[in-house]
Amino acid sequence: MTNASHFKRLALIGFGLIGGSIARAARAQGLVSEIVTTARSEKTRARVAELGIVDRVVETNVEAVADADLVILCIPVGACGPVAQDIAGHLKPGAIISDVGSVKGAVVKDMAPHLPKTVHFVPAHPVAGTEHSGPDSGFPELFIDRWCILTPPEGTDADAVERLRGFWAAMGAKVEVMTPEHHDLVLAITSHLPHLIAYTIVGTADELAQVTSSEVIKFSAGGFRDFTRIAASDPIMWRDVFLANKDAVLEMLGTFNEDLSKLTRAIRRGDGEALFDHFTRTRAIRRGIVSIGQDSAAPDFGRPHPQLKKPD
Ligand code: NAP
């Protein structure tokens, strides 16, 4: 960590999986002198105070950002615009304002018009998560070896971008800078579409009349189980992602539907060669992901398995 990535006061607006993980990681790495936080509900604020990870829990967004050098919005994408409007007149000149939203174009469009020229706006997206939410779900290791994408609008102060890069790097993340539009296109195929497919499959299985729901659960290890983990992701967060990244998701969905039609045709025609070629290509992609350390090579995603006992 360089001194430049140390902040005196960090304000976190929202304390769920991501806000809670930032607080824990920043504390563990000594990246900030003080953390002030707020959340929308009294219930979450009370729980955050109980956890004792942050220095102060305050009731309003305005109180949270007072005198903060780094402000991070850790709330659903759709809430970023109204919160930016709320805090705009109370930000310390020279402060860095950021977020963690999974969509960047819409966040920039919603937040930027409200922010004063005296602050540095550096939107961010840590590409790391779990299907859990709420103040207890965060953990300090969440960002280790995961990407964090920064999408500063054109003309953003380079020092501010470097300071935020240093902050995320010190929490273990690998940092890349790109435009909000490019981010949204890349994430549409790598994250948003897979979630949509998981939500679809799990919903379809639930509605199948021929297969009773108990059988769906009983035989879920045949692939379905891995979709259910993704489909358990927070409904508010994912509603906002699809509303905010509509264009890129629709574009990727168009391509996906064409490819699905090709596979459907291959199955209908009994074209084993086409199926084999396709599956060989996709297997190579999985091996590429494992080889760059983005997932474990352990069978069955490294799940623990009971051992077969030797007969007495
Ligand atoms: P979370 O665990 O559900 O926490 C969300 C936080 O936002 C809570 O503190 C909640 O307050 C607050 N909040 C909810 N609606 C709000 C509103 N309308 N106005 C103000 N505050 C509101 O969510 P999360 O997983 O940390 O996600 C937060 C952000 O991180 C989202 O933008 C998401 O796109 C992004 N992100 C998520 C993941 C992931 O895998 N989960 C990964 C990368 C990025 P209360 O508790 O008081 O309701």
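General observations
- For the chain, the tally of Lys pairs with Cα-Cα distances below 15 Å comes to 4, considering only residues 8 or more apart or on different chains.
- For the stretch 205-312, Kirkwood radius (reciprocal of mean inverse C-alpha pair distance, Å): 18.1 Å
- In the stretch 182-295, a dipole from Cβ-located charges (positive for Lys and Arg, negative for Asp and Glu) runs towards its positive end, and of Val186, Ala284, Leu243 it is Ala284 whose Cα lies farthest in that direction.
- Percent accessible area from carbon and sulfur atoms, the chain, protein chains only, probe 1.4 Å: 57 percent
- Sites Ala66 and Glu42, calculated FRET efficiency, Cβ-Cβ separation with R0 22 Å, nearest 0.05: 0.65
- The calculated FRET efficiency for the pair Val216 and Asp136, based on their C-beta separation and a Förster distance of 45 Å, comes to about 0.95.
- Quick note on the stretch 3-178: its Rg to Rh ratio, both from C-alpha atoms and Rh being the Kirkwood radius, is 0.92.
- Building the convex hull from the alpha-carbon atoms of the chain and averaging its projection over directions returns 21.1 nm².
- Computed over neighbours whose Cβ is under 11 Å from that of Ala39, the net charge equals +2, Lys and Arg +1, Asp and Glu -1.
- Rounded FRET efficiency, nearest 0.05, which uses the C-beta distance separating Lys174 from Lys8 and R0 of 22 Å: 0.25
- Note on the chain: with a GNM built from Cα contacts shorter than 10 Å, the maximum mean-square fluctuation among Ile267, Ile144, Ile230 falls on Ile267.
- Given their separation in residues at 0.36 nm each and the Cα-Cα distance between them, Ala112 and Leu208 gain 30.0 nm when the chain is fully extended.
- Nearest 10 degrees, 0 to 90: helix 272-291 Cα axis against the chain principal axis: 30 degrees
- For the stretch 182-295, the relative contact order comes to 30 percent (Cα pairs under 8 Å, sequence separation of at least 6).
- Assigned charges on the beta-carbon of Lys, Arg, Asp, Glu; the stretch 87-244 dipole about Cα centre (debye): 180 debye
- Between Asp159 and Arg269, the contour length at 0.36 nm per residue exceeds the alpha carbon distance by 33.7 nm.
- The chain: relative contact order in percent, alpha carbon pairs under 8 Å with at least 6 residues between: 16 percent
The values are calculated or read from the model by the stated rules, or taken from the named source; none is laboratory data. Quick caveat: nothing in here was measured; it's all calculated off a predicted structure. Glycine gets a Cβ as well: all are built from the backbone with ideal geometry, and neighbour counts include every protein chain shown. Quick note on the areas: whole protein, heavy atoms, side chains included, nothing else; ligands and nucleic acids left out. Shrake-Rupley method; radii C 1.70, N 1.55, O 1.52, S 1.80 Å.
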